[in-house]
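Okay, structure first, notes after.
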Amino acid sequence: MPTDSELQAILQTPSENLSIEYKGWLDLSQNPGRATLAKAAIAIANEGGGIIVLGMREDVGDGGALRSMPRPAALGRYSQDEVNSAIRRFADPEFHCGLMFVTHPQTGHEHAFVIVPGGMMVPVMSARGCDGVIASQRCYVRKSGPRSEEPFTAEEWRKLLQRCLQAGRESMLNAIRIIVQGHNGSPPTEEAANALAQYCDTARERWQQLVDGLPADDIARMPHGHYDICFELVGVRNAGSATELRHRMEEAGRIRLTGWGPFVSLTRQDLAPQPVGGSIECWLGRHVEERLSRAVAHCDFWRAHPSGLLFLQRGYDEDSLERVQPGTIFDITLPIWRVGEAMLFVARLARQYDDDETNILVRCRYSGLAGRQLDCLTPGRHFSFARVAVDDTAELETQATVGQIEDNLVEILHQLLAPLYERFAFFELPRDIVRAEVEQLRRNRF
């Protein structure tokens with residue numbers, strides 16, 4: 001599930017795309033409101049999953065900009081049952097959506113977020129119609145605009161059916177994993193590990209130079225700790241220019257599994273990636289005017305070199321939440337999501353070099369662990385751990401091919417992250433938790 005900070009970012013900088021749709025407040029006690037929600041959910045499910053934001057309306061007087069609106073007094077707070085009852089009434093096959101609530105930081109209005117799953121193995125269709133809203137026995141997809149309409153061209157049908165086939169393939173692989181544990185990844189050679197470690201150290205030194213000029217209490221210094229993820233695409237040596245690499249990274253980033261994915265590339269000039277010393281460099285920690293969100297988890301620093309080296313450093317999401325005292329909590333699910341999404345991104349990047357067997361070296365470093373308690377901050381989920389870390393750092397590494405990451409991400413992540421969780425009083429990370437979180441991650445679309 002997305003974090004509160006990710007949902008707030010969707011409210012602060014509203015921008016509809018194929019996986020995010022904004023709607024005004026809907027009356028889910030009446031068929032037109034139910035049908036409107038169901039049509040949007042069907043189209044997003046066929047797109048691969050995403051989010052419907054309720055309570056945002058276009059301001060005609062301001063060029064159609066989306067504005068936060070208060071929930072009408074006549075409408076009660078939506079319930080999970082109301083949302084899924086509307087979708088069950090109109091969708092075939094039925095599917096279950098999540099429901100979350102977040103308050104807009106500027107207007108103070110609470111908004112509802114319907115989390116639509118992906119991973120459908122057959123196209124979702126409408127089971128019945130509602131005059132003026134949805135037609136019976138129709139398949140809807142998301143199109144540029146964005147809008148929800150029926151697929152008409154051969155290319156639109158091809159993309160829809162391809163997503164269904166891919167979901168069926170992943171389901172089959174998950175079933176195989178239950179019977180036989182797949183490839184777990186393997187430790188990199190000492191020479192390769194040393195080369196990647198040196199690149200990480202150089203990137204950390206560069207970040208330190210950037211933050212040295214900031215005030216001592218600035219959040220961009222990540223005072224309570226941070227984590228970094230470093231990759232090497234083995235064999236990709238001098239494969240084009242930094243400009244070509246940026247184009248490849250933009251292509252890999254077209255698939256967004258969370259609201260704040262790896263190697264974030266903003267268009268604003270003072271925050272956009274820049275060529276620095278033959279590399280691409282991006283630092284989101286600098287002060288800029290009129291920036292709506294500057295949380296420790298959004299002050300990323302990353303670098304990428306055409307030789308196939310990538311580095312990403314980020315503060316903890318847990319330290320960006322108002323309800324959590326910074327430096328006290330370590331969420332059990334977030335490393336699975338953050339590292340897993342980064343590995344899938346890099347696998348898509350490596351895929352553009354046309355080699356399914358490209359080896360990818362992965363190195364992670366977590367700092368600021370000491371004194372943090374293992375917990376779960378996902379709404380509606382409760383774990384009881386009471387385990388606190390004593391060690392302040394953890395360094396992890398592995399390697400896998402592109403195909404292994406795509407087909408056996410659960411096993412690779414479990415093997416890579418298990419030593420991290422051991423820091424919390426020998427906690428043994430259950431493989432089932434990794435499997436459940438990876439399945440949810442792959443169904444997400446932003």
For the stretch 122-142, check the following and say yes or no: at least one residue is of a type in the set (Gly, Ala, Ser) and loosely packed, with under 13 Cβ neighbours inside 10 Å.
yes
Pick from LEU271, LEU266: which is without any contact (Cβ under 8 Å) to a residue 24 or more places away in the chain, within 19 Å of the chain's Cα centre (by Cα) and part of a loop (DSSP other than H, G, I, E, B)?
LEU266
For strands (runs of 3 or more DSSP E) lying entirely in the stretch 327-446, having 2 or more residues that are closer than 24 Å to GLY253 by Cα, in contact (Cβ under 8 Å) with a residue 40 or more places away in the chain and not assigned by TED's automatic domain parsing to the domain that holds SER19 picks out 359-366, 394-401
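The values are calculated or read from the model by the stated rules, or taken from the named source; none is laboratory data. These numbers were taken from a predicted model, which means no experiment stands behind them. Every residue, glycine among them, receives a Cβ derived from its backbone with ideal geometry; neighbour counts consider all protein chains shown.
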